[in-house]
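Have a look at the structure below, then the notes.
The values are calculated or read from the model by the stated rules, or taken from the named source; none is laboratory data. Bear in mind the structure is a predicted one, so any value in this text is a computation, not a measurement. Ideal geometry is used to build each Cβ from the backbone, glycine not excepted, and the neighbour counts take in all protein chains shown.
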Amino acid sequence: MAGGQERILRRRISSIDATKKITRAMELIAASRIVKAQGRVQAAKPYSEKVTDVIANLAGGGAGVDHPLLAQPGEINRVAYVVIAADRGLCGGYNNNVLRAVERSIDSDRAAGRDYALILSGKKAAGYFSFRGYEVHAAFEGFSDQPNYSDAKAMAESVAELFESGQAQQVQLAYTRFLSMGSQEVTVDQFMPLEASEIGADAAEESGVGGYEFEPEPSEILGRLLPRYAEARLYAALLEASASEHAARQRAMKAATDNAEDLKINLTRIMNRARQDAITTEIMEIVGGAEAMSQDDDGDLEDLIAQSIEGSFATLTTDRTDA
Amino acid sequence: MQVELVSPEAVLFSGECSQVVTRTVDGDIAFLDNHAPFIGALDVGQTQLWAADGVVSLAINGGFVEVSSNAVTILSDDAMAAEDIDVQEAQADLQAADQALASDADDAEAALAKKWAETRIQVSGGN
């Protein structure tokens with residue numbers, strides 16, 4: 001009778017065990033991917049540093065700083081958001097943190113009478129905004145795990161088109177920065193127009209190198225270089241976001257594995273108690289029955305009890321192997 | 001002089017070279033030791049680096065070159081070393097580009113694709 005409860009518990013424990021194995025595997029995979037993703041962040045740094053250097057030297061060489069990507073808008077009517085989230089869930093609050101930050105920002109823009117445009121990376125971002133009835137300008141997906149430069153290039157192209165055509169006067173970049181294994185932070189930064197000071201285009205006069213020859217004209221080189229800079233910046237953001245995604249997933253899966261372990265311990269305890277109760281009840285029943293049968297003949301009582309207990313133990317153990 | 005070839009995903013080459021030949025949008029240019037400071041935009045073309053252990057040939061699909069204080073930095077988001085080039089793929093790209101050009105001679109994208117395919121075939125040494 002009580003054996004039924006024991007069987008149910010045993011089944012739950014084995015299913016929790018199976019889930020635990022999966023979450024543990026996901027935790028380990030995520031942990032190894034963080035390292036790889038961090039390596040990619042590092043590998044991308046030389047390029048963007050060199051691009052910044054060249055821009056600074058160009059500006060020092062007298063390139064006019066009047067590229068469309070640098071044009072400061074007079075009035076902002078529409079703000080575009082580039083949102084970088086994940087393709088998959090099971091990573092704690094990683095997706096929601098970025099998406100909520102963007103939604104809050106859109107709300108405050110609307111209060112100020114500005115329209116919005118959304119350029120999304122990651123299935124979860126597309127799902128979140130289209131479900132809530134936002135109009136999505138462009139959505140990219142399938143590379144949040146391991147973004148390539150060509151992915152960043154395609155996204156940057158769509159952003160630059162929106163900005164240069166004047167449909168949006170400002171572009172914000174929202175992603176999760178990877179500060180360390182233990183801490184990642186959602187940031188919403190201005191992406192376009194590019195800040196002349198940020199790319200070193202204004203500080204170069206004193207750099208002292210000077211005396212460069214240019215081929216072709218400095219302003220033409222700058223015109224080719226700035227889109228590369230925007231791409232490199234977006235690529236860096238995609239890489240950092242992917243490192244953050246793996247870190248968030250590793251943490252979430254570690255918590256899930258720990259929970260499964262706790263649950264297993266508790267359920268095993270309850271199950272053992274249920275089994276013990278079943279045995280105790282059965283012994284009580286046997287003793288009671290034997291006593292009632294042999295009220296007149298005291299001599300055989302102990303033998304009878306011993307026999308019955310052996311018999312019921314045998315059935316109990318076969319029950320267990322059945323379960 | 002110190003030469004670095006940097007793509008967004010990795011540093012492809014880093015080392016001492018005696019000579020660098022590359023192609024800017026205005027034409028081929030060679031750098032020897034102690035070249036004057038120079039910044040150029042690169043065209044689709046072949047780049048050769050005279051390294052200590054032989055000449056390294058690369059196909060470069062646009063980019064930038066900076067020379068200053070005896071160091072050459074080449075930035076390119078699409079560069080391939082001769083041994084990494086898939087000649088058959090390049091041949092197929094070349095045919096596709098030719099077809100696109102045959103139907104529309106002003107197709108700038110196809111013209112670029114053709115140039116890039118030809119460069120890859122030339123650099124890999126197979127004609």
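If you take the residues in segment B:1-13 that are among the aliphatic types (A, V, I, L, M) and more than 7 Å from chain A (Cβ to nearest Cβ), which one is surrounded by the most Cβ atoms within 10 Å (Cβ to Cβ)?
Within segment B:1-13, the match that is surrounded by the most Cβ atoms within 10 Å (Cβ to Cβ) is B:Leu5.
Considering only residues of segment B:14-48 that are surrounded by 17 or more Cβ atoms within 10 Å (Cβ to Cβ) and either closer than 17 Å to A:Glu49 by Cβ or among the basic types (Lys, Arg) (or both), which is farthest from the other protein chains (Cβ to nearest Cβ)?
Per the criteria, the residue is B:Arg23.
For segment B:55-79, what are the residues that are free of Cβ contacts under 8 Å to residues at least 60 places away in the same chain, away from every other protein chain (no Cβ under 14 Å) and crowded, with 17+ Cβ neighbours inside 10 Å?
Answer for segment B:55-79, where residues must be free of Cβ contacts under 8 Å to residues at least 60 places away in the same chain, away from every other protein chain (no Cβ under 14 Å) and crowded, with 17+ Cβ neighbours inside 10 Å: just B:Val56.
Can you give me the ranges of the strands (runs of 3 or more DSSP E) entirely in segment A:88-193 with at least 2 residues that are on the phi < 0 side of the Ramachandran plot and crowded, with 20+ Cβ neighbours inside 10 Å?
Because the criterion is at least 2 residues that are on the phi < 0 side of the Ramachandran plot and crowded, with 20+ Cβ neighbours inside 10 Å, the strands (runs of 3 or more DSSP E) in segment A:88-193 that meet it are A:115-121, A:170-180, A:183-192.
Being surrounded by fewer than 17 Cβ atoms within 10 Å (Cβ to Cβ) and either on the phi < 0 side of the Ramachandran plot or out of contact with any helix residue (DSSP H, G or I) (no Cβ under 7 Å at 6 or more places or on another chain) (or both) narrows it down to one residue among A:Ala252, A:Ala306; which is it?
Selected residue: A:Ala306, the only one of A:Ala252, A:Ala306 that is surrounded by fewer than 17 Cβ atoms within 10 Å (Cβ to Cβ) and either on the phi < 0 side of the Ramachandran plot or out of contact with any helix residue (DSSP H, G or I) (no Cβ under 7 Å at 6 or more places or on another chain) (or both).
I'd like the full set of residues that are within 30 Å of B:Phe38 (Cα to Cα) and of a type in the set (Val, Ile, Thr), limited to segment A:19-71.
A:Val41, A:Val51, A:Thr52, A:Val54, A:Ile55, A:Val65
Could you check segment A:4-16 and list, in sequence order, the residues that are farther than 20 Å from A:Ile279 by Cα and surrounded by 13 or more Cβ atoms within 10 Å (Cβ to Cβ)?
Matches in segment A:4-16: A:Arg12, A:Ile13, A:Ile16.
In segment B:33-121, which strands (runs of 3 or more DSSP E) lie fully inside it and hold 1 or more residues that are within 9 Å of the chain's Cα centre (by Cα) and modelled with pLDDT of 90 or more?
Filter on segment B:33-121 gives B:38-51, B:54-68.
Output the residue which, of all residues in segment A:255-282 that are of a type in the set (D, E, K, R) and free of Cβ contacts under 8 Å to residues at least 40 places away in the same chain, is surrounded by the most Cβ atoms within 10 Å (Cβ to Cβ).
Top of the filtered list is A:Glu282.
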